[in-house]
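The block underneath contains the structure these notes are about, expressed in structure tokens.
The values are calculated or read from the model by the stated rules, or taken from the named source; none is laboratory data. Computed from a prediction, not measured in an experiment: that's the story for all the values here. Methodologically, a virtual Cβ is constructed for each residue, glycine included, from the backbone with ideal geometry; neighbour enumeration extends over all protein chains shown. Each accessible area value is taken on the protein alone, full model and side chains, heavy atoms only, with ligands, DNA and RNA left out. Shrake-Rupley method; radii C 1.70, N 1.55, O 1.52, S 1.80 Å.
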Amino acid sequence: MTLQGSLQIVLVVAILLLLAIPLGNYLYRVFTGKTVWFEGGFAAVERGLYRLVGVNPSVEMDWKAYLKALLMVNFVMALFAYLIFRTMGRLPLNPDHIPSMSWPLAFNTAASFVSNTDWQNYAGESQMTILGQMVAITFLQFTSVVTGLVAAVAFLRGMTNRKSPNIGNFWVDFIRSITRLFLPLSFLLAIVFVGLGLPQTLDGAVTVHALGGGAQTISRGPVASLEAIKQLGTNGGGYFNANSAHPYEDPSALTTVLEIIAMGLIPTALVATFGKFIGNRRQAVVLYVFLAAMLLGGAFFVYGAEVAGNPLLHHLLGIGGPNMEGKEVRFGLPLTGLFTAATTAFTTGAVNAMHDSLTPLGGMLPLVFMLLNMVFGGVGVGLLNILMFLLITVFIAGLMVGRTPEIFGKKIEVREVKLATISMLVHPFLILGATAVAVAVPAGLAALGNPGLHGFTEVLYAYSSAAANNGSAFAGLAGNTLFYNLTIGMVILLGRYVSIIAMFAIAGSLAIKPVTPAGLGTLRTDTFTFGGVFVAVVLVVSALTFFPVLAIGPVAEHLQMVAGKLLP
Amino acid sequence: MTNLLRSLRLTLVLVVILGLVYPLVVTGFGRLLFPSQANGSLVRFGGRIVGSRLIAQAVNVPGLFHPRPSAVKYAGNGSGGSNLGPTNPALFREVGSNLAAADLPPGTKLSAVPPDMVESSASGLDPDITPANARLQIPRIARSTGLSRRWLWRLVLREETGPFLGLWGQPMVNVWRLNLALLRKSGG
């Protein structure tokens, strides 16, 4: 680790925070109906869209109506994508003659992309047509992130309402998120990406006469337009199999910096939006300090582990230096470490190195970030997880110091704590349950790409990625089997929607409560002491839940590696 | 029922805007502003397209610089890494055979071998190598082509690119640039 390497990491995070905070204020204006720059243009486009979709923008919805619309839209969009995947082989824009998907793979892919997970049991260049990349993948990368965003916005409205059950209009929020945020930002970023070397063409692969004789077939397509929303929308599902490690998706150190900033931009901005909603800047500042520290700590942890390298290689073959297996030269180790931490903090799931080939500790960090699932998190759902843990922290801290648990002026009662607990427990239940089943049945074990403890970590990583709606993988696991397509698809759907439903129910019950002004008996949540307790609660709850599996997987493999043993 | 109808209409409208119009408009602008990049940064040599500046290619001759090892045999239509874990015996077989294939100058200390020379890249298509990797290949290329080591050394130095803004990334050399310079020198 060098000073210059550390600066690379710190500066990217600093730029990210500088951009995100003003964007958070802008988002607050968008979702509270205040006029913004270019208001007339946006409003005209939106009026047209409301008419096309058939919605009355002045109608207000309570939490149940909002949630029903959200779930229905998600269902219809997933079904649409499923049908595209099943028929795309016979549809236009298929210059490379790629076949349609089997039903288990199409189910897995549709579930994965509608839920902002972007787990990929297919390889883009050989199993997805250009039409599929555009009307199914790129399309869902917009709508899945918008779903997460509006869920968080609706929750914030419920939390700050003064005795009104209404939390906004789903259709209006959905359309505004696209017109005022994701479409303009993605368009700009996509053009910049083309300038920096990402292909953008409807022609398929090109076959060239290689310099050293023979031929090379090079896959191409509309990569830049997908890449922009893939990162901005914390999606992570790449155009190519190698994802952001592919030189066409991420051709330089500059593009990887832009991709890191793009994936962090909106989750980071939403913390400021949250502060604006509750009218408490300090609360946002406290969260920024602790969450940014966790992100930075994670990046340095991976950077350090990969610089230290693999002592077994030195021991057996005499090769020293950093671990370069599964990495690209142009990024260097600091940006690889930051990308790895950021992609799991923001639950993007894009990778610029193969996580399966990271050192045991370097690979444990992304796993831990997915298990915590609250280091900023994905767009919207990340904020929801943070709020869920805040509720639980307030409850626990309130019990400890003997004060009435209340958050932002609203009393927290049995119903809210029960729902928050459900939302919290779904995550470990899905991960540990599915991992236990997979390592106990032959269909689960047959897909392992690595033997020994590392194989166990591959399975644990897969279900953690699915439950956290992350999408990155220890890609040695051959996931395109009936067993993994179905189980991963189910874990993805439950991980996404159970917690969203529980959080909506909390929003509904908080919405109708009166706001009591803070008094002497109020536990203040906007202090650094409370921030410390918040992080401690998250870490203790997660450590108690996940320590055993981490000990069997990456921790034991690390000990095995430093002991100089190949097989346990 | 209203929800279902609205969901269908929203899906249809957004598929057109986000799935068709958006990528097509980006394609139009890309072709207009950055035609070479939009097409995949293809490289022409001797009147025909020989590859992409961004995509590594198999080099089987000793007289050219070799890119990093590829777990997918440099398949431009099938990217990927080895995905071998750090304690997998197969990793050590792979690195060992890459080491044997590297054709190092006699007397090279193993500890001086840069890891990027013997460990597979993430995409299998990494077009860049570290300067140390390039310099270790100079004796082999000099022997095979008759070019002076001094000239090759200067070539590597000339083609080396530093980090972006002196900060992000690391010093490296693009194998395409090295090899095209070599071919031009030897008259193609």
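Figure note: A:Trp37, B:Trp153, A:Trp171 ranked by solvent-accessible area, largest first, 1.4 Å probe, ligands and nucleic acids not counted: A:Trp37, B:Trp153, A:Trp171.
Which of rounded, prolate or oblate describes the stretch A:193-347 when judged by the alpha-carbon gyration tensor and an a/c cut-off of 1.5? Taking the square roots of the gyration eigenvalues as a ≥ b ≥ c, the stretch A:193-347 is oblate.
The residue among A:Thr217, A:Gly564, A:Leu432 whose Cα reaches farthest toward the positive pole of the charge dipole of chain A, with charges on the beta-carbon of Lys, Arg, Asp and Glu, is A:Leu432.
Each peptide in A:536-548, A:140-152 gets a packing score, the mean of other Cβ atoms within 10 Å over its residues, and the list from highest to lowest is A:140-152, A:536-548. Along the stretch A:443-458 the Karplus relation, 6.51 cos²θ - 1.76 cosθ + 1.60 evaluated at θ = phi - 60°, assigns HN-Hα couplings of 5, x, 6, 5, 8, 4, x, 9, x, x, 4, 5, x, 4, 4, 4 Hz to successive residues, with x for each Gly and Pro. In the protein assembly as shown, the DSSP-assigned H stretches of four residues or longer account for a calculated mean residue ellipticity at 222 nm of -19000 deg cm²/dmol, using -39500 (n - 2.57) per stretch and the full residue count as denominator. Please check chain A for the longest run free of GluC sites (Glu not before Pro) that are loop-located per DSSP (anything but H, G, I, E, B) and have at most 16 other Cβ atoms within 10 Å. Between the exposed loop sites, the longest stretch runs A:61-412. Take each residue of peptide A:359-372, count the partner chain Cβ atoms within 10 Å of its Cβ, and average: the result is 1.
Taking all protein chains as shown and a probe of 1.4 angstrom, A:Val414 keeps an accessible surface of around 100 Å². Here the accessible area is traced with a 1.4 Å probe on the protein chains. For the stretch A:80-161, carbon and sulfur cover 63 percent of it. For A:Met490, A:Met1, A:Met128, the ranking by accessible surface with the largest value first comes to A:Met1, A:Met490, A:Met128, using a 1.4 Å probe.
Using C-alpha pairs below 8 Å separated by at least 6 residues, the relative contact order for the stretch A:3-562 is 20 percent. Taking the 0 to 90 degree range and rounding to the nearest ten, how far is the long axis of helix B:89-101 tilted relative to the main principal axis of chain B, both from C-alpha atoms? For helix B:89-101, the angle is close to 50 degrees. When Rg and Dmax are taken over the Cα atoms of the stretch A:62-167, they come to 16.8, 58 Å. Here the gap between A:Ala446 and A:Thr32, fully extended at 0.36 nm per residue and compared with their Cα-Cα distance, gives a gain of 143.9 nm. Extents of the stretch B:43-87, taken as max minus min of Cα coordinates on every principal axis and listed largest first, are 46, 25, 13 Å. Stokes-Einstein diffusion of chain B at 10 °C, 1.306 mPa s viscosity, Kirkwood radius from Cα pairs, rounded to a whole number: 81 µm²/s.
What pairs in A:Lys68/A:Lys513; A:Lys327/B:Lys73; A:Lys34/A:Lys64; A:Lys64/A:Lys276 have C-alpha atoms more than 20 Å from each other? Distance filter (> 20 Å) returns A:Lys68/A:Lys513; A:Lys34/A:Lys64; A:Lys64/A:Lys276. In chain A, the alpha-carbon atoms span a convex hull of 154 Å³ per residue. Note on the stretch A:3-562: dipole from Cβ charges, positive end direction compared against A:Thr404, A:Val10, A:Pro104; the farthest Cα belongs to A:Thr404. Among the residues of A:119-130, the average count of other protein chain beta-carbon atoms within 10 Å of the residue beta-carbon is 1. Note on A:Trp103: accessible area approximately 130 square angstrom, rounded to 10, probe 1.4 Å, nucleic acids and ligands left out. Against chain B, whose longest principal axis is taken from its Cα atoms, helix B:22-33 shows a tilt of about 50°. On the principal axes of its alpha-carbon atoms, the stretch A:459-540 has extents of 58, 30, 15 Å, going from largest to smallest. A Cα-only calculation for the stretch A:115-182 places Rg and Dmax at 16.1, 54 Å.
Nearest 10 degrees is fine. How inclined is helix B:175-185 to the longest principal axis of chain B, computing both from alpha carbons? It is inclined by approximately 60 degrees.
When the Cα positions of A:Pro360, A:Phe300, A:Phe277 are compared along the charge dipole of the stretch A:253-362, A:Phe277 comes out farthest toward the positive end, with charges on each C-beta of Lys, Arg, Asp and Glu. Relative contact order of the stretch A:223-352, taken over Cα pairs closer than 8 Å and 6 or more residues apart, is 36 percent. Using only alpha carbons, the stretch A:171-225 has a radius of gyration to Kirkwood radius ratio (Rg to Rh) of 1.26.
Taking trypsin sites (Lys or Arg not before Pro) in DSSP loop conformation with at most 15 other Cβ atoms inside 10 Å as exposed sites, chain A has its longest uninterrupted site-free stretch at A:164-402. Relative to one another, the C-alpha centroids of the stretch A:109-134 and the stretch A:431-502 are positioned 17 Å apart.
The separation of the stretch A:234-257 from the stretch B:88-122, counted between C-alpha centres, amounts to 26 Å. Remark on A:Glu406: its backbone amide H falls under 5 Å from those of A:Ile412, A:Leu523, a criterion applied only to residues 5 or more positions apart or on other chains, H modelled at 1.01 Å from N. Per-residue Karplus couplings for the stretch B:54-63, computed as 6.51 cos²θ - 1.76 cosθ + 1.60 with θ equal to phi - 60°, are listed in order as 9, 10, 5, 10, 5, 10, 9, 9, x, x Hz, Gly and Pro entered as x. Once the trypsin sites (Lys or Arg not before Pro) in DSSP loops with at most 10 neighbouring Cβ atoms within 10 Å are cut out of chain B, the longest remaining piece is B:110-188. Converting phi to 3J(HN,Hα) with the Karplus coefficients 6.51, -1.76 and 1.60 and the offset θ = phi - 60°, the stretch A:18-29 yields 4, 7, 6, 5, x, 5, x, 5, 4, 4, 4, 5 Hz in sequence order, with x at every glycine or proline.
Counts of other chain beta carbons within 10 angstrom of each beta carbon in peptide A:75-82 average 4. Two numbers describe the Cα atoms of the stretch A:366-449: Rg and Dmax, which are 17.0, 53 Å.
Residues whose amide H comes within less than 5 Å of that of B:Ser52, counting only those at least five positions distant or on another chain, are B:Val43 (H built at 1.01 Å from N in the peptide plane). Averaging the sequence gap over all C-alpha pairs within less than 8 Å and six or more residues apart, then dividing by the number of residues, gives the stretch B:38-104 a relative contact order of 15 percent. The solvent-accessible area of A:Val36, taken with every protein chain present and a 1.4 Å probe, is close to 20 Å².
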